[in-house]
Amino acid sequence: MIIGLLFIDSSFSLAFSMDDLLDLSSDTYFMGEALRQARRAESEDEVPIGAVIVRNAEIIARARNQVEILKDATAHAEMLAITQAESVVGDWRLDDCDLYVTKEPCPMCAGAMVQSRVRRVVYGCPDPKTGGAGGMIAAFAMLAALLVRERTGRGQYIDVSMFDVMLSMLPVPAAHQFAGQTIGVGGKYALSGAYPFYNVYETSDGKFMTLGALEPKFWSNFCRTVEREDLVSRQFDSGVERESLFDEVRAIFKSRTRYDWIEMMRNADCCCEPTRPTSPTPIRCCRSSAVFRSMRRSQLPIPAKRLATLPASMSRTNGGSRRSSRSTTVAASTW
């Protein structure tokens, strides 16, 4: 799953062209439908969040926050929309569906999207307080930096990368990967190799390039860059046509060296980057960037936020419950 950003405020209708609004298959149109649901929630004294789920350019689920009406803490717009969509599809897998929601999903909803295999998520505004797509981690980092400045007078450079945030949300798959095992999902989902637009390709010199052109604009940019605009409309081909597209994209990448691809894609906005095929590379990168800490002869993940002079760390004391001191209580209250 990838989380796309589409920032829309309450006056969104003035921020886009009429063509965007009349295109009934555009992100703008579907986000507008989600905003309609948000307005309904607001009229019912609910938190004004709305969501819609789209399949084959058709809305199959509409929902809004109903926590207060249903007296249910899990009745978020995204959760209700996912339940509706599963009923329509007749399956819990929504791997050919896109979800549009007016605010960055919370960790609960983000988890439900992962579990239901939603293909793509587009949200309106970020939620720095409880957002599950990085906003919450960034907010924690900013608070920690402010606290450090108050105590030391020194500023901080805050490092919050998408990789670190997502790794902290995937402890079980990460544990399998770093233990030398893999989870067999390759080729099954949009983000694990099921489509030509999101895959790894070998170049003519035996090296590799990644293509992550999930959003249609990135795929269009890629096709134009390689002078194959005839492939633009085939992004979501299925069956035999998809396998044929795979063969064509593989042949395109095999036509140049990795260096040539790097130069060609230097100014092309299509999410095409070089990579390395060796499996130890991700582990080395994680260790060098301090994503993991050695502890009791094991590699353990640290919190996703990192500050320039205040690296995150974990307690090295033995496990078990500990009584909080007065200073701990006071410090927590100041946060």
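Observations
- When ASP247 is tested against the conditions (1) open to solvent by less than 20 Å² (accessible area, probe 1.4 Å); (2) in a helix (DSSP H, G or I), the lone failure is (1).
- Filter result for VAL114 (β-branched (Val, Ile, Thr) and at pLDDT 85 or above): no
- Check on GLU46, among the acidic types (Asp, Glu), in a helix (DSSP H, G or I), modelled with pLDDT of 90 or more and surrounded by 15 or more Cβ atoms within 10 Å (Cβ to Cβ): no
- Figure legend. Inter-residue proximity from the stretch 195-207: first residues under 11 Å from ASP260 (Cα atoms) and modelled with pLDDT of 90 or more, second residues aromatic (Phe, Trp, Tyr) and outside any strand (DSSP E or B), beta-carbon distance below 9 Å, spacing 6+ or different chains. Indicated pairs: THR203/PHE253; THR203/TYR259; THR203/TRP261; SER204/PHE253; ASP205/TYR259.
- Residue in the stretch 49-70 that is part of a helix (DSSP H, G or I), free of Cβ contacts under 8 Å to residues at least 12 places away in the same chain and open to solvent by 60 Å² or more (accessible area, probe 1.4 Å) present: yes
- Residue within the stretch 253-261 that is in contact with a strand residue (DSSP E or B) (Cβ under 8 Å, 6 or more places away or on another chain) and either surrounded by fewer than 17 Cβ atoms within 10 Å (Cβ to Cβ) or in contact (Cβ under 8 Å) with a residue 60 or more places away in the chain (or both) present: yes
- Test: PHE236 is within 26 Å of TYR100 (Cα to Cα), modelled with pLDDT under 95 and open to solvent by less than 10 Å² (accessible area, probe 1.4 Å): no
- Test: residue in the stretch 117-129 that is at pLDDT below 85, in a loop (DSSP other than H, G, I, E, B) and open to solvent by less than 30 Å² (accessible area, probe 1.4 Å): yes
- Test result for VAL148, in a strand (DSSP E or B) and at pLDDT 80 or above: no
- Failed criterion for THR74 (all others in (1) surrounded by 15 or more Cβ atoms within 10 Å (Cβ to Cβ); (2) free of Cβ contacts under 8 Å to residues at least 60 places away in the same chain hold): (1)
- Subset tally (residues that are under 21 Å from GLU229 (Cα atoms), of a type in the set (Gly, Ala, Ser) and part of a loop (DSSP other than H, G, I, E, B)) for the stretch 197-218: 1
The values are calculated or read from the model by the stated rules, or taken from the named source; none is laboratory data. None of the values given here were measured: they were computed from a predicted structure. FYI the Cβ positions are ideal-geometry reconstructions off the backbone, even for glycines, and counts take in every protein chain you see. Note: accessible area is taken over every heavy atom of the protein model, side chains too, but ligands, DNA and RNA are not part of it. Shrake-Rupley method; radii C 1.70, N 1.55, O 1.52, S 1.80 Å.
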